[in-house]
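The values are calculated or read from the model by the stated rules, or taken from the named source; none is laboratory data. All of these numbers come straight from a predicted model, not from anything done at the bench. Reconstructed Cβ throughout: ideal geometry from the backbone, glycine too, with neighbour counts over all protein chains shown.
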Amino acid sequence: MTATCPELLGFREVAGLRTVDGGRIRPGLLYRSGTPQFLDLPTARRLVRDTGIRSTIDLRLPHEVAQEGRGPLDALGIGHVPHPVRVGALVAAGSAVAPMPGDDPIVQTYLRYLDDGAEEIVGVLPDLLRPGTVPTLVHCTVGKDRTGVVVALVLAAVGVRRDDIVADYVAGAADVGPAMERLRRMASYGDAVDVYPPATWVVEAEAMRRFLDAVDERHGGVCPFLHANGVPPTIVEELTEVLVEHPPDPRAAEELP
């Protein structure tokens, strides 16, 4: 969380991460968190003032958004860019809870996101290029799984090193337990969260590594996955220009007259 927005669990800026070609993710453009619905108006104003966010990319299901809301962000004129990630067969109508079976439930769930709803996931990339979207806050409810997958794919697409993608994924680990407990008092979740396996309540760096390795194995990598699902290379190139900065080469500077 952030000291000025304690209700915004999982909040952090996605910036400074290293790319394979020596670049860094620019500051002030990309943020991630859990649901903003618990923010009060003064805190939300501080968030907008401090970050400059103009929109949220909301990965929650449509009925989840309807039941839970966005807190005061609508009142502040913050744009809403929905990209609902399908989570599987829900335990009941109106619920956002779906079982996570398998011997590696986190990775298998992440891969199911790609299998069941690739169009919403890949659609985030062109939307990041639309005027008025960035700076943006990418969020789901807890801020770990749906948000973790989407942010990881965006970072991998623009060339961020795998170790840095994993480091960003685990950076909000301390907030996952409180965020999971908070689900119990939310209309879309309640005590149905007890169907989740223990792995859901923690953040494991190796889970993200296994997920990205599986994307490599199944799809040939993140960029081939994106291209196969309708994102042309030009979008990835344009997004890289927006998100990645390259510090001046000191050797080049020494050669100037």
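General observations
- Taken over segment 177-204, residues that are in a helix (DSSP H, G or I) and among the hydroxyl-bearing types (Ser, Thr, Tyr) amount to 1.
- Inside segment 189-213, residues that are over 17 Å from GLY10 (Cβ atoms) and in contact with a Leu (Cβ under 8 Å, 6 or more places away or on another chain) make up a count of 2.
- Test: ILE57 is of a type in the set (A, V, I, L, M), at pLDDT 95 or above, farther than 14 Å from THR141 by Cα and in contact with a helix residue (DSSP H, G or I) (Cβ under 9 Å, 6 or more places away or on another chain): no
- Considering only residues in segment 133-176 that are outside any helix (DSSP H, G or I) and of a type in the set (D, E, K, R), the one that is surrounded by the fewest Cβ atoms within 10 Å (Cβ to Cβ) turns out to be ARG161.
- Looking across segment 34-46, the residues that are outside any loop (DSSP other than H, G, I, E, B) and either over 21 Å from ARG182 (Cα atoms) or polar (S, T, N, Q) (or both) come down to PRO42, THR43, ARG45, ARG46.
- Beta carbons closer than 6 Å, at least 6 apart along the sequence or on distinct chains, pair a first residue in segment 102-127 that is touching a residue at least 40 places away in the same chain (Cβ under 8 Å) with a second that is surrounded by fewer than 22 Cβ atoms within 10 Å (Cβ to Cβ) and among the basic types (Lys, Arg) for VAL107/ARG210.
- Selected residue [modelled with pLDDT under 95 and under 19 Å from the mean Cα position of the chain (by Cα)] from THR35, THR51, THR2: THR2
Residue-wise test of (1) closer than 22 Å to PRO178 by Cβ; (2) crowded, with 18+ Cβ neighbours inside 10 Å.
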{"site": "VAL20", "(1), (2)": "no, no"}
{"site": "GLY23", "(1), (2)": "no, yes"}
{"site": "ARG32", "(1), (2)": "yes, yes"}
{"site": "GLN67", "(1), (2)": "yes, no"}
{"site": "HIS83", "(1), (2)": "no, yes"}
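- Considering segment 214-257, the residues that are within 30 Å of PRO131 (Cβ to Cβ) and at pLDDT below 95 include one that is surrounded by the most Cβ atoms within 10 Å (Cβ to Cβ), namely HIS246.
- Scanning segment 1-59 for residues that are touching a His at 6+ places or on another chain (Cβ under 7 Å), among the hydroxyl-bearing types (Ser, Thr, Tyr) and more than 12 Å from PRO135 (Cβ to Cβ) yields a total of 2.
- Qualifying position, being β-branched (Val, Ile, Thr), closer than 21 Å to GLY159 by Cα, modelled with pLDDT of 95 or more and in contact with a strand residue (DSSP E or B) (Cβ under 8 Å, 6 or more places away or on another chain), among VAL65, VAL14: VAL14
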